[in-house]
Amino acid sequence: MFGEQKVSFSGVQPSGNLTIGNYLGAIRNFAAYAESYKTFYCVVDEHAITVRQVPAELRRRTYETLALYLSCGLDPEKNTLYVQSMVHEHAELAWILNCFTGFGELSRMTQFKDKSARHADNINAGLFAYPTLMAADILLYQTDVGPVGVDQKQHVELTRDIAERFNQLYPGTFTVPEPVIAKNGMKIMSLADPTKKMSKSDENPNAVVYILDDRDTIIRKFKRAVTDSGAEVSYTPEKPGISNLMTIYSCFTGKTMPQIEKEFDGKGYGDFKLAVGEVTADALAPVQANFARYLADKGALEAQMKKGAEEASYYARRTLSKVQKKLGFVQIR
Ligand code: TYM
């Protein structure tokens, strides 16, 4: 909360091509806050380097992620859209929060455990301290709500713990944030293995539908999606493949699970998969058309990065200097 205004903050890593999981679990839900909240949506490039990146690709994806924010309907006049590394307060507050976060707390983070298993040759301190940088992102803006997919809930909960601990020592420093998890799109699963999250870093491109996949590719990927035994379209834990496809269909059409079951009653998996592919391609078509337009104007994207960073810095500076003062850092104006 800044003054009387509530704040929404969220971020996306430019670490791969964005997926319909990122779209349904997060980005699609960002715009709704703009009317009544102060909103900050960040391209978190500093988070991305916890895993090795090819510099030219990181740079390209940073532009693309910003262009996708715009293409998904985030109006830059109503939302602060910016790149994390352009606002140095994120890294500075992260250092401070490192000093208020337990080794044990960070060791328990499931994302750290997963990523250190996947990148066993590069278990760096940044990967370990990733959640304190995320806490800094959120707390810098006195955030009330963070719209995220369910995989980020643990990190937002840790952020709450850090904020509460800090506030106990130095009252009134931070707003304690709530994670907001979209009801339906909270966890979109891989098309190749419906027990695994759909992830932009998956090595199997058929497991993932990217926001920018063309229509034929989208339809082909859904056709090949792993489904379950039986032939009935029904939402049940025994059918994780079909249930995942139903979730996606429901997200894009607004239909409930019983409505979908009725619609495909007596029809086979083939018809259903085609329908999921079609609604997905239809829903993404306008985003894709906007994306091409935004990405073509690099100058405008850079102007937006600059403007967004200036807007964000104003708020970030206020919180950081409040924190520094409370800690006893000398401040000379
Ligand atoms: P990232 O870049 O992995 O993902 C961006 C957002 O997409 C959501 N998401 C999903 N939702 C549903 N189903 C899926 N299969 C799926 N895959 C990804 C994520 O939950 C996330 O909301 N640490 C964050 C980025 C971050 C952040 C923040 C988020 C940094 N600072 C502060 C919120 C607030 C991350 O790696 O997201």
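The values are calculated or read from the model by the stated rules, or taken from the named source; none is laboratory data. Note that the coordinates shown come from a computational prediction; the quantities given were computed from them, not determined experimentally. FYI the Cβ positions are ideal-geometry reconstructions off the backbone, even for glycines, and counts take in every protein chain you see. All accessible areas refer to the heavy atoms of the entire protein, side chains included, with ligands and DNA or RNA removed. Shrake-Rupley method; radii C 1.70, N 1.55, O 1.52, S 1.80 Å.
Give the stretch 246-271 a look and list any residue that's open to solvent by 40 Å² or more (accessible area, probe 1.4 Å) and in a helix (DSSP H, G or I), or say none.
Passing the criteria: THR253, PRO258, GLN259, GLU261, LYS262, GLU263, GLY270, ASP271.
Can you confirm whether the stretch 181-201 contains a residue that is within 12 Å of the ligand (Cβ to nearest atom), out of contact with any Leu (no Cβ under 9 Å at 6 or more places or on another chain) and free of Cβ contacts under 8 Å to residues at least 12 places away in the same chain?
yes
For LEU70, are the conditions met, namely being under 22 Å from SER190 (Cβ atoms) and either in contact (Cβ under 8 Å) with a residue 60 or more places away in the chain or under 12 Å from the mean Cα position of the chain (by Cα) (or both)?
Values: under 22 Å from SER190 (Cβ atoms): no; either in contact (Cβ under 8 Å) with a residue 60 or more places away in the chain or under 12 Å from the mean Cα position of the chain (by Cα) (or both): yes.
Here the answer is no, as LEU70 does not meet what is asked.
Per-residue answers, yes or no, for (1) closer than 13 Å to ASP137 by Cβ; (2) open to solvent by 30 Å² or more (accessible area, probe 1.4 Å); (3) within 11 Å of the ligand (Cβ to nearest atom); (4) in contact (Cβ under 8 Å) with a residue 60 or more places away in the chain:
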| site | (1), (2), (3), (4) |
| --- | --- |
| VAL12 | yes, no, yes, no |
| LEU24 | no, no, yes, yes |
| ILE27 | no, no, yes, no |
| THR39 | no, no, no, no |
| THR50 | no, no, yes, yes |
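Only one residue in LEU284, LEU274 is open to solvent by 60 Å² or more (accessible area, probe 1.4 Å) and outside the structural domain of HIS90 (by TED's automatic domain parsing). Which one?
LEU274
Which of the residues that make up the stretch 135-163 are over 18 Å from LYS6 (Cα atoms) and open to solvent by 20 Å² or more (accessible area, probe 1.4 Å)?
VAL150, ASP151, GLN152, LYS153, GLN154, GLU157, ASP161
In the set PRO205, PRO171, which member is away from the ligand (no atom under 11 Å from the Cβ), at pLDDT below 95 and either assigned by TED's automatic domain parsing to the domain that holds VAL323 or under 23 Å from SER15 (Cα atoms) (or both)?
PRO205
Pairs needed: first member in the stretch 82-106, crowded, with 17+ Cβ neighbours inside 10 Å; second member anywhere, part of a loop (DSSP other than H, G, I, E, B); C-beta distance under 8 Å; at least 6 residues apart or different chains.
GLN84/VAL44
Among the residues of the stretch 131-152, which ones are of a type in the set (Gly, Ala, Ser), near the ligand (Cβ under 8 Å from one of its atoms) and under 21 Å from LEU320 (Cβ atoms)?
Passing the criteria: only GLY146.
Based on this model, can you work out whether ALA67 counts as away from the ligand (no atom under 12 Å from the Cβ) and over 27 Å from ASP213 (Cα atoms)?
Details: away from the ligand (no atom under 12 Å from the Cβ): yes; over 27 Å from ASP213 (Cα atoms): no.
Taking the combined requirement at face value, the residue does not satisfy it.
Looking only at the stretch 308-331, decide whether some residue is open to solvent by 50 Å² or more (accessible area, probe 1.4 Å), of a type outside the set (Gly, Ala, Ser) and modelled with pLDDT under 95.
Yes, the stretch 308-331 contains a residue that is open to solvent by 50 Å² or more (accessible area, probe 1.4 Å), of a type outside the set (Gly, Ala, Ser) and modelled with pLDDT under 95.
Please state which of the following conditions ALA231 fails to meet, knowing it meets all the rest: (1) away from the ligand (no atom under 13 Å from the Cβ); (2) open to solvent by less than 70 Å² (accessible area, probe 1.4 Å); (3) part of a helix (DSSP H, G or I).
With respect to (1) away from the ligand (no atom under 13 Å from the Cβ); (2) open to solvent by less than 70 Å² (accessible area, probe 1.4 Å); (3) part of a helix (DSSP H, G or I), ALA231 is out only on (3).
Could you list, in sequence order, all residues of the stretch 276-333 that are within 30 Å of ARG215 (Cα to Cα) and assigned to a loop (DSSP other than H, G, I, E, B)?
ASP297
Hey, could you check the stretch 112-140 for residues that are touching a helix residue (DSSP H, G or I) at 6+ places or on another chain (Cβ under 7 Å) and polar (S, T, N, Q) and say which is nearest to LEU169 (Cα to Cα)?
Only one residue tops the list, namely THR132.
Pick from the stretch 164-187 the residues that are among the small types (Gly, Ala, Ser) and surrounded by 13 or more Cβ atoms within 10 Å (Cβ to Cβ): which of them is farthest from TYR33 (Cα to Cα)?
GLY185
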